[in-house]
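Before any comments, here is the structure.
The values are calculated or read from the model by the stated rules, or taken from the named source; none is laboratory data. It should be emphasised that the depicted structure is a prediction, and the values quoted were computed from it without experimental measurement. Quick reminder, even Gly has a Cβ in these numbers, built from the backbone with ideal geometry, and neighbours come from all protein chains shown. Side chains included, ligands, DNA and RNA excluded: accessible areas come from the protein's heavy atoms. Shrake-Rupley method; radii C 1.70, N 1.55, O 1.52, S 1.80 Å.
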Amino acid sequence: MSNSGTTTIESLLDLDSLLSAENLDLRSMVRQFGEQRLRPHIAEWFETGHVPVRDLAVEIGKLGLLGMHLTGYGCGGSTATAYGLVCQELEAVDSGLRSLVSVQGSLAMFAIHRWGSEEQREQWLPGMAAGELIGCFGLTEPDFGSNPSGMRTTARRDGSDWVLNGSKMWITNGSVADIAVVWARTDDGIRGFLVEPGTPGLDVADVHHKLSLRASVTSSLHFNEVRLPADAQLPEAAGLRAPLGCLSEARFGIVCGVTGAARDALAATLDYAGTRTQFGRPIAGFQLTQRKLAELAVSLNQAELTARRLAELKDAGRLTSQQVSFGKFANVRAALEICREARSILGGSGITTEYPVLRHALNLETVYTYEGTHEVHTLVLGQALTGIDAFR
């Protein structure tokens, strides 16, 4: 979608001139997939709260988008720039769809790829890259979200086995996962484990009555004396830095993805404002409306510049966790504000699923607080600037 003028949202800063022909082709392919396969159904999926995760995972896997930034084991080894464009196009349809890809690739697959044994990589990653196997990532707990170091889930040794007890909450794809990456406290610190569905003592339940991310499966995981073999442990994962490293991977996808949601909301609003007539003229012709549209377009392009810069740093191997926090802090806030303001231009029409704007805003309310709340990223940046830890 675009407005009828001579300048489009995407051409304001000519950002496409910074992309290679290969990346432009990739973006076009994913955008076409989104428009033809996903967008016709997304309003229904959101309204009903049911999304065909398994079918979509296989289709997305055939496009080579799952774990695309990892190397080997059926993964594409793409650049961060390419992966960021994919996240942007998927989230332009819905944040829940981008969550499917980022949880699969940047959390579950990355954990196995980075911290797993060779046997674990060979067992799980090819099927996950193909979308034939779905993974989830269990870090957040009912009482510990922003402070994962306080986790209560434990794993104790019993002979050569591990015995897992505890709970995880707000787990994307938990009930449809073929493998769960679960983080637990041991006598030797935080460790990661691979837990398969059907393991005795594992209970999984979906979270219902959501007002956000309804086109996404959200679950809780409960472990009651769940016995795991020794080779279920991720051997290279030691301490909290392991799961936090996974989160940095996923947050990068968020930084890029939310610009897609904001772009889609603004594009829909421009189309509406150009055709909605009040007082004898399109509302796009009123000064107050144009001020809103101009501010939203500038904010969106600034967010895209942040995402592109972080992608450059990641491709150069120089991206820091503080820079990722900068991106999530700035871009999610900007995207949410864009969607909220865009909704006001649509008036009453903006509260229905006929238009994507409020759906994007509702989804971004969740993105604003998951994988590090806005306040947590504020304190990360504050510590980087002052050298003083204000978390406690």
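Observations
- E119 meets each of the listed conditions (1) of a type outside the set (K, R); (2) open to solvent by 10 Å² or more (accessible area, probe 1.4 Å); (3) over 14 Å from I179 (Cβ atoms) apart from (3).
- Residues in the range 362-392 that are assigned to a loop (DSSP other than H, G, I, E, B) and either under 24 Å from the mean Cα position of the chain (by Cα) or surrounded by 14 or more Cβ atoms within 10 Å (Cβ to Cβ) (or both): Y368, T369, Y370, E371, G372, T373.
- Which listed residue is open to solvent by less than 30 Å² (accessible area, probe 1.4 Å) and within 25 Å of the chain's Cα centre (by Cα), from L211, L194: L194
- Across the range 309-368, the number of residues qualifying as modelled with pLDDT of 95 or more, within 20 Å of V93 (Cβ to Cβ) and acidic (D, E) comes to 1.
- Screening G150 on (1) farther than 28 Å from L364 by Cβ; (2) out of contact with any Gly (no Cβ under 9 Å at 6 or more places or on another chain) shows it passes everything except condition (1).
- Residues in the range 128-151 include at least one that is at pLDDT 95 or above and assigned to a helix (DSSP H, G or I).
- Every test in (1) at positive phi; (2) surrounded by fewer than 13 Cβ atoms within 10 Å (Cβ to Cβ) is passed by Y73 save one, and that test is (2).
- Any hit, the range 341-361, residues being more than 19 Å from D271 (Cβ to Cβ) and either touching a helix residue (DSSP H, G or I) at 6+ places or on another chain (Cβ under 7 Å) or open to solvent by 50 Å² or more (accessible area, probe 1.4 Å) (or both): no
- Of everything in the range 316-329 that is surrounded by 19 or more Cβ atoms within 10 Å (Cβ to Cβ) and more than 15 Å from the chain's Cα centre (by Cα), the residue that is nearest to A294 (Cα to Cα) is F326.
- When F223, F279, F252 are screened for being among the aromatic types (F, W, Y) and surrounded by fewer than 21 Cβ atoms within 10 Å (Cβ to Cβ), only F279 passes.
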